[in-house]
């Protein structure tokens with residue numbers, strides 16, 4: 001998606017260690033008009049797929065998912081919560097996700113009322129690198145018996161392989177900007193050219 | 001706002017200890033069409049006020065603020081982040097907020113690039129009880145020299161007094177549902193009748 005790629009080139013900052021800072025428009029300050037265009041593009045790519053719910057994870061995914069939901073007929077958005085601990089009281093589905101950034105596992109939960117076997121879920125998140133967060137969200141859907149119809153990602157660090165590993169398992173992953181390489185020294189980055197995209 | 005009050009009566013759950021659970025539509029599962037109507041109502045109430053930025057706090061405020069922003073000309077949304085610790089490196093404004101729910105203080109930060117003396121800020125959040133979170137967000141605006149034009153709240157627990165304390169200081173607070181009383185035993189709740197509202 002050229003709009004997002006251009007914005008990453010303009011306002012993103014490549015840092016050493018494979019870090020891309022996009023806090024000016026994506027995950028601290030939020031450009032809601034960009035989010036709206038992203039939602040429109042995901043809706044185009046997932047046209048005809050019967051989405052009943054959007055699942056994301058706090059905090060950065062929430063704004064993107066809520067704005068995008070308008071383009072999916074205003075389906076409800078559920079965000080998985082980062083919990084201090086897992087409370088297996090039957091009211092919630094729980095799993096743990098490993099964070100490479102924080103180098104530790106953290107528990108995430110979803111109220112069991114909010115995912116059901118009738119749900120056809122689109123998972124939305126801001127970043128896809130190794131895919132650990134998405135694996136966790138898919139486990140929550142599995143626990144609920146919900147069907148994951150696909151994954152919509154803003155920025156995929158394709159060079160980290162998580163996206164292709166998901167695709168190899170038959171999961172539909174639609175990333176709006178796929179970064180093939182980043183150089184923390186020069187600040188340069190390159191995108192995978194996806195000629196099928198808008 | 002009748003739409004929100006009706007939804008609270010239908011899907012909200014009053015628990016003992018002054019707790020109102022609205023996770024079915026507001027802060028875990030998100031009804032984005034309701035959020036859109038809330039944004040429209042805040043825009044009506046703040047018509048003519050020159051808002052350049054919406055400030056909220058993670059996590060529950062983000063979805064509401066991002067959807068509402070469309071009704072303010074798509075101004076950027078900035079969400080204050082709950083930080084593990086305060087890092088006074090000059091790149092961020094930082095303060096602490098006391099949480100009565102968690103009975104502890106937690107640090108919150110906003111990147112200093114994202115609030116400036118030119119900003120006219122509308123603060124949006126899901127709940128207003130004692131007002132501690134809002135005080136923290138206003139302190140961050142003060143540090144930046146930004147002007148707080150007003151506060152938009154989904155649900156005000158008016159019986160806890162935080163909203164009226166802010167209004168007594170001349171701060172414009174527009175709450176879409178104001179609860180005058182809740183009974184954790186019977187599950188009943190009452191709203192303040194605001195005949196000026198839609």
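The values are calculated or read from the model by the stated rules, or taken from the named source; none is laboratory data. Because the structure is a prediction, the values reported are computed rather than measured. Ideal geometry is used to build each Cβ from the backbone, glycine not excepted, and the neighbour counts take in all protein chains shown.
Which condition breaks for residue B:102 when tested against (1) within 24 Å of residue A:93 (Cβ to Cβ); (2) exposed (fewer than 13 other Cβ atoms within 10 Å of the Cβ); (3) under 17 Å from the mean Cα position of the chain (by Cα)?
For residue B:102, the failing item is (3).
Could you list all residues from region A:140-155 that are within 18 Å of the chain's Cα centre (by Cα) and farther than 13 Å from residue A:18 by Cβ?
A:140, A:141, A:142, A:146, A:147, A:148, A:149, A:150, A:151, A:152, A:153, A:154 - these are the residues of region A:140-155 that are within 18 Å of the chain's Cα centre (by Cα) and farther than 13 Å from residue A:18 by Cβ.
Considering only residues of region B:85-100 that are over 16 Å from residue B:135 (Cβ atoms) and assigned to a loop (DSSP other than H, G, I, E, B), which is farthest from the other protein chains (Cβ to nearest Cβ)?
B:88
Condition first: more than 15 Å from residue B:149 (Cβ to Cβ), within 13 Å of another protein chain (Cβ to nearest Cβ), touching a residue at least 40 places away in the same chain (Cβ under 8 Å) and in a helix (DSSP H, G or I). Can you find one or more residues in region B:66-84 that meet it?
No.
Only one residue in B:150, B:145 is out of contact with any strand residue (DSSP E or B) (no Cβ under 9 Å at 6 or more places or on another chain) and under 19 Å from residue B:171 (Cα atoms). Which one?
When all the criteria are applied, what remains is B:145.
Within region B:1-14, how many residues turn out to be more than 13 Å from chain A (Cβ to nearest Cβ) and surrounded by fewer than 17 Cβ atoms within 10 Å (Cβ to Cβ)?
5
Hey, among the residues in region A:26-47 that are in contact with a strand residue (DSSP E or B) (Cβ under 8 Å, 6 or more places away or on another chain) and part of a loop (DSSP other than H, G, I, E, B), which one's farthest from the other protein chains (Cβ to nearest Cβ)? Before the answer, list the steps.
So the first thing to find is which residues in region A:26-47 are in contact with a strand residue (DSSP E or B) (Cβ under 8 Å, 6 or more places away or on another chain), and the list is A:26-30, A:32, A:38, A:41-42, A:45-46.
Right, trim to part of a loop (DSSP other than H, G, I, E, B) and you get A:26-28, A:46.
On the way: A:26: 11, A:27: 9, A:28: 6, A:46: 17 Å.
Out of the qualifying residues, it is A:46.
Return the only residue of B:57, B:62 being within 9 Å of chain A (Cβ to nearest Cβ) and within 18 Å of residue B:156 (Cα to Cα).
B:62
Every residue, every condition in (1) at pLDDT 95 or above; (2) assigned to a helix (DSSP H, G or I); (3) surrounded by 15 or more Cβ atoms within 10 Å (Cβ to Cβ), yes or no:
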residue	(1), (2), (3)
A:125	yes, no, yes
A:136	yes, yes, yes
A:149	yes, no, yes
A:167	yes, yes, no
A:176	yes, no, yes
A:196	no, no, no
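Pull up region B:156-165, narrow it to residues that are assigned to a helix (DSSP H, G or I) and surrounded by 19 or more Cβ atoms within 10 Å (Cβ to Cβ), then point me to the one that is farthest from the chain's Cα centre (by Cα).
Restricting to residues being assigned to a helix (DSSP H, G or I) and surrounded by 19 or more Cβ atoms within 10 Å (Cβ to Cβ), the top hit is B:158.
Restricted to region B:53-99, and to residues that are modelled with pLDDT of 95 or more and on the phi > 0 side of the Ramachandran plot, which residue is surrounded by the most Cβ atoms within 10 Å (Cβ to Cβ)?
Among those residues, the one meeting the criterion is B:74.
Of the numbered conditions (1) within 27 Å of residue B:11 (Cα to Cα); (2) part of a loop (DSSP other than H, G, I, E, B), residue A:61 fails exactly one; give the number of that condition.
All conditions are met except number (2).
Being free of Cβ contacts under 8 Å to residues at least 24 places away in the same chain and surrounded by 21 or more Cβ atoms within 10 Å (Cβ to Cβ) is the requirement here; does residue B:30 meet it?
Criteria not met by residue B:30.
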